[in-house]
Every structure is written in structure tokens, then in C-alpha cells.
Amino acid sequence: MFSFNMFDHPIPRVFQNRFSTQYRCFSVSMLAGPNDRSDVEKGGKIIMPPSALDQLSRLNITYPMLFKLTNKNSDRMTHCGVLEFVADEGICYLPHWMMQNLLLEEGGLVQVESVNLQVATYSKFQPQSPDFLDITNPKAVLENALRNFACLTTGDVIAINYNEKIYELRVMETKPDKAVSIIECDMNVDFDAPLGYKEPERSAQHEETADAEADHSGYVNDIGFRAFSGSGNRLDGKKKGVEPSPSPIKPGDIRRGIPNYDFKIGRITFIRNSRPLVKKVEEDESGSRFIAFSGEGQSLRKKGRKP
């Protein structure tokens, strides 16, 4: 009889259903190559070596590939997706904001494990600066930025780039779990008050009561502009009689308008001031009037009158 002790030794990780290994992590700026990989900084995905793809292809894992990153030294963890498998062996490249959440330095060790996450239904974010309120439509900006993310973890501070400015948002809450997948999901997004935001103070409005007696003290020096109050000069030097300029108005001569106590809302009343009648000029005596052709003619030769 033959016997095989194939289960006496531990099963290699290649034949397990979970991927787990350690890499030295670096920021994307350390990635060698002629192409600019700033797109990695705008999302929540990492770059892994080709050997990871070889191992993942042999495992019975679910797609999309999601990973749990753990810094054992600081006991910090987060979740991410994978963008490409082009890194050098033993190295993975992370966005800068992800390294800050994990408290990792350049060349630090990070544990990478494959995980399955539930699809997100709700998430709540808190902007880390009041400048985020300057965005016209923050939900649309966040929705567009989250297309570069694969998952969210409660407690993380993610960074989004909008109008050449980086905005940081803390993930306050996620449902149905603390770590969720946001790939092809219908998720409700809510915002908390930004960090350091203060509500504008509303000044109390005091109603001013009208005085019963009119105060004429403000009219003493308020003479204002008066049209045609100057004097004119002739070219020939002669002086023409000009009426004297009007005297200043005394406070006692000013009459305030009388309010309409019968005013009703929605009704307009037109009050027309009665104008004084123009006084008729008295006619002069008939002798002082000018009568046309009223003179007498003269002749050089005197003619006798006929009897």
C-alpha cells in the first residue's frame, strides 16, 4: 500500500484563496520612467509588481481586486485597489495621502492582503478646510473624483484635486461596513461641517420708532444747491438789475409732510397739492396804454379849410 503525507506540511500561500505578502512602499514620485504618473495621486489605487499578478491569477479571488494595507508598526490600516502591475519586485507605489494615513515613510514595510468588501450605500465626508465651500457644486466634484477610487475606509483622509488645488476630506462614516467598495454602486453622499468653519453671526434688527415731533435741527445748514442764484455780467460793462439771491431757509419755515394715517396695504393714494391761483395784473389807465396808429400827421403846406 502506498501512502501520501501531502497534508503534513503547511500549504504554500500560492494555493490559498487569499493573497498576503509584504512590500516596501514608496510614493509615486519615486516611480522610475519617462511618463508622468500624477494620475496615481488623484485616486485610491496602488501599483504592484508583476509577480503579484502571477500569484493573484492562480487564486480563486473575486473581482475587482481589492486589498487591505496594514502598517504593523503603527497599527494603521486602509483599503485600496490596484491600478497596474509594473513596479519593481518587492516594491509597491502608493499615493502620498495613503502613506500619510498609514504613517509610512519612504521604504517602509506594508502588509498587502486581498479582501472582499461590501458595496457602499452611504458615506459621509468632512472637508478639512472651509475653502471647500467655495466650490459651486461639491457633490458633483466629489462624484467625479471618486471615479479614481476603488474603496473607502472610515477614518481615512482622502485627497481630491480640483482646479489645480488639493482638497482633503475625512471619511466620517460608511455603510453598510467600515470599509466598502464604491465600484459600480449607488451611494448617497452627505457632508459634515468643514473643520474650522464658523457660522456667520446674525446681527439683531432693531426697529426704529418715529418721533412725534419733527426735528428741524438738521435743516439749519442744509441749504443745498439753488439754481440761478448767481449774478450775471454784460459784455458792454453795463449792469442790469438782478433780483437778489433768495435768503437762506429758516428752520421754522420748513414743514414736514403729514403722514397718511388712513393708509391701507395694497392701496395707492395720489395726493395732489393745490396750486395758488395766479393773481391778475390790474389794468393801467387807458391813457397809459400803447395804441397803434394813434398819432397825428403833419403837412409842409398848410391848406385852408373849406368852410
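For segment 92-165, a crude dipole built from +1 on the beta carbon of Lys and Arg and -1 on the beta carbon of Asp and Glu, taken about the Cα centre, is about 300 debye to the nearest 20.
In segment 138-200, a dipole from Cβ-located charges (positive for Lys and Arg, negative for Asp and Glu) runs towards its positive end, and of 154, 193, 180 it is 193 whose Cα lies farthest in that direction.
Across 264, 45, 165, the residue with the most accessible area heads the list, and the full order at a 1.4 Å probe is 264, 165, 45. Rolling a 1.4 Å probe over the protein heavy atoms of segment 60-198, with every protein chain left in place, gives an accessible area that is 45 percent carbon and sulfur. Per residue, segment 37-119 exposes 48 Å² of solvent-accessible protein surface, assessed with a 1.4 angstrom probe and all protein chains in place.
The values are calculated or read from the model by the stated rules, or taken from the named source; none is laboratory data. All figures in this text were calculated on a predicted structure; none of them were measured in a lab. Every residue, glycine among them, receives a Cβ derived from its backbone with ideal geometry; neighbour counts consider all protein chains shown. Heads up: the accessible areas ignore ligands, DNA and RNA and are worked out on the full protein's heavy atoms, side chains in. Shrake-Rupley method; radii C 1.70, N 1.55, O 1.52, S 1.80 Å.
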